[in-house]
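What follows draws every value from the coordinates through simple rules; no lab data is involved. Everything numeric here is computed off the predicted structure, so don't read it as measured data. Using ideal geometry, Cβ is built from the backbone for each residue, glycine included, and neighbour counts are taken over all protein chains shown.
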Amino acid sequence: MARVPTFDTAQVQQQPTRATELRGVAPDNSGIEQGLRSFQRGAEILVAKEREKADTALLMDADNQLTQWQQKAMYDENGGVYTRKGKNALDVTNQTLEQFDQTQAEIAKNLTNDAQRARYAQIVSSRRNSLSNDLNRYEYNERQNYYGEVEKGQLETSMQGAALDYQDPAKVQAYRAKADAVLASRAERLGLSPEAAEAEKLKFNSSLNSDVLQRHANDDPYTAQKLLKQYEGSMTADDLVRVGGMIENKVDRLQQKAEMAQLRAEARAERTLGKISAQISSGIPATDEMWKQWGSQVRGTPAQAEFNELVKQEVDTQKILRLPIDQQIAAINAKTAKLQTEGGTIADATNLNRLSRAVDASAKMMTESPIDYYQQRLGGDVAPVDLNSPDLGAVLTDRVSAIQGMQQKFGTTVAMKPLLPQEAKQISAQLAEMSPEQQSQLFATLHSAIGDDKAYSGAMQQIAPDSPIRALTGLLAGKQRSMVTNTNWFKPDDVVTSGDVAKTMALGESILNKSKTEKGADGKGASFPLPKQADFQLQLNKQLGNVFAGQPQSYQLAAQAVKSYYTGAAAERGNVSGEVDSGLLREAIKASVGEVVDFNGGKTLAPWGMPGHTFRDIASQRLVGTMKAQGMSDADIATADALTLRQYKDGIYYVMQGQQFKYGTDGKPLMVNVNEDAQ
């Protein structure tokens, strides 16, 4: 067993520590130094990358500014390059590049180092080259367009000048030479081949020569014919054919005119005879000046003898036309009978035919426009109608008196129509532009000014020949009567005047049949809610149908009048139900055409404004009185209670026996007038 040594604690002592000494060996710091150097290089790289990013961003901003300027400079609507055309585009390249240089230099001031400036210079150089190419190309095209416009203007003024100075050969040649010089310059500019240049020159000169020849042809076709031979070498085949044909036609017409003048010197005289014949047939007497002119046109020709006969025919015609119409007809019949029994020449037959046409034309004018007849045929003075003149009443009264005088002389053929056709047309046009209130006022003005119901009725027929409802409203406006439309138990009856009814009907008519002006004012417009036509017609037939039995046209007019009033009244009262209002329909019938009355078991209409009971009393008295005046027997008169009445017009009735007319002792249908002024 090994022995473990033992130590005496007294022998063990702590020795002092000595520093370690390293002799001849330095500390090893290589790893640290390498790390530091690596870190420094990384930082430098990072700084360089950030600097590059900053440079790139600044360059991109500079490029963007340059791009924005270029887009505005090229495309701006107010002065951009591409808005400059023709002459205005000249030197646009230099001007724009100068602006480009100034702009890029201003942008470059924001660059901060040489690297940025170097890269920016490359961008500017590339951009400037591209811009220069675009500008040069655009300016070249516009320059060519400008040259073309200038050349075109030169050619046009040369052609116009030659046409204006066509009578001066020297000036025409100067314009032609000027155009040739322009065409030569144009051919050189465009690089045209000699053949193409010559073709263009021929085409222009051909057009110029054509214009000059046409101007000459209008003055003197013979001169144009001579010039054509001089110009034919400098004109195209098409122009030669066209202009040559035109000149030949004019020459032919001149020759034909000369031949006609030689062969038929009386041609104008023949035409004059036709004018005279037409004048005589119209019935309008020719003036002394017209006869003087016609005489000079036939003098010295074979037509002179016929002219003398026509003078006699005119005298005979005017003499007959001054007779009453029945005597005019009698004269025509006598001449016709004489010609048929005794015979005569073709001239006699022609004269009679001409006289007959004159009488017919005269009668037609008396019926349609008696004031025209008074003015044109009788030489009467007619003052114009001015609705705003204080003399309106005097003017219309004079016309009524003139017509009444004509009626005394010519008979009932002369209609009581106091307006000239153009005046009636003008008033009708004014009515179409007026509101119902204004229409009623105009009708009242006319009625007051005319002062005669028959003349006023005739004027209404003239003003509204194609609008019976408008004519009816005019007549109602002039009646100056009132009627009870509804009787009430506990309040006053509903009373309306004829003027009120006229305004309501006019309002309804304006809703049902808008004028062009009204349609234009509201477009298609919202339609007023009316009852369905079938429903309205059914209810109307129930209340009014039997009144107009056998009178479909009268019923149609009455139906229109009733509907106009119904529509106007519904609009005034705000009735927008669209359903038939039976009470309003009864009122519309009574207000527009009169009260429906049962007379001896048959329905008829009382005169407007006359109550039914009054009508029955007056009608019974007038019927018996008329039968007695006819000299009918007591047996006939005893049947009066079985006779019915059918309206002929307001207040005048046919007497009916069942469905047949009752005839008087004179052989004519018996008629009864229940108007108050008929007693």
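What's the local net charge at L111, with K and R +1, D and E -1, over the other residues with C-beta under 12 Å away? Residues near L111 contribute -2 overall. Packing here is the average count of other Cβ atoms within 10 Å per residue, and on that basis the peptides 616-628, 164-176, highest first, run 616-628, 164-176. The amide H of Y663, built 1.01 Å from its N in the peptide plane, has L670 as neighbours under 5 Å, considering only residues 5 or more places off or on other chains. Residue-wise HN-Hα couplings along region 101-110, as the Karplus relation 6.51 cos²θ - 1.76 cosθ + 1.60 with θ = phi - 60° gives them from phi, are 4, 5, 5, 5, 5, 5, 5, 5, 4, 7 Hz; Gly and Pro carry x. Simple point charges give the picture: +1 on the Cβ of Lys and Arg, -1 on the Cβ of Asp and Glu, and for region 370-461 a dipole about the Cα centre of about 400 debye.
In order along region 608-618, the phi-based Karplus estimate (6.51 cos²θ - 1.76 cosθ + 1.60, θ = phi - 60°) of 3J(HN,Hα) comes to 4, x, 8, x, x, 5, 5, 4, 4, 5, 5 Hz; Gly and Pro are listed as x. Within region 265-352, the proportion of C-alpha pairs whose separation exceeds 16 Å stands at 57%. Taking trypsin sites (Lys or Arg not before Pro) across region 70-146, the ones in a DSSP loop with at most 14 further Cβ atoms lying within 10 angstrom of their Cβ are K85, K109. Placing a pseudo-label 7 Å from each Cα along the Cα-to-Cβ vector at Q657 and A349 gives an inter-label distance of 5.0 nm. Taking the longest Cα principal axis of the chain as reference, the axis of helix 221-231 is set at about 20 degrees. The charge dipole of the chain, taken about its Cα centre with unit charges on the Cβ atoms of Lys, Arg (+1), Asp and Glu (-1) only, comes to about 680 debye. What the Cα convex hull of the chain gives, in volume per residue, is 640 Å³. Over the chain, dividing the summed -39,500 (n - 2.57) contributions of all DSSP H runs of at least 4 residues by the number of residues returns a 222 nm mean residue ellipticity of -22500 deg cm²/dmol.
The order of F443, F204, F528, F410, going from fewest to most other C-beta atoms within 10 Å of their C-beta, is F528, F204, F410, F443.
A DSSP coil position with no more than 12 other Cβ atoms inside 10 Å describes the following GluC sites (Glu not before Pro) in region 66-144: E77.
The H on the amide N of N486, modeled in the peptide plane, is under 5 Å from the matching H of D494, each at least 5 residues off or on a different chain.
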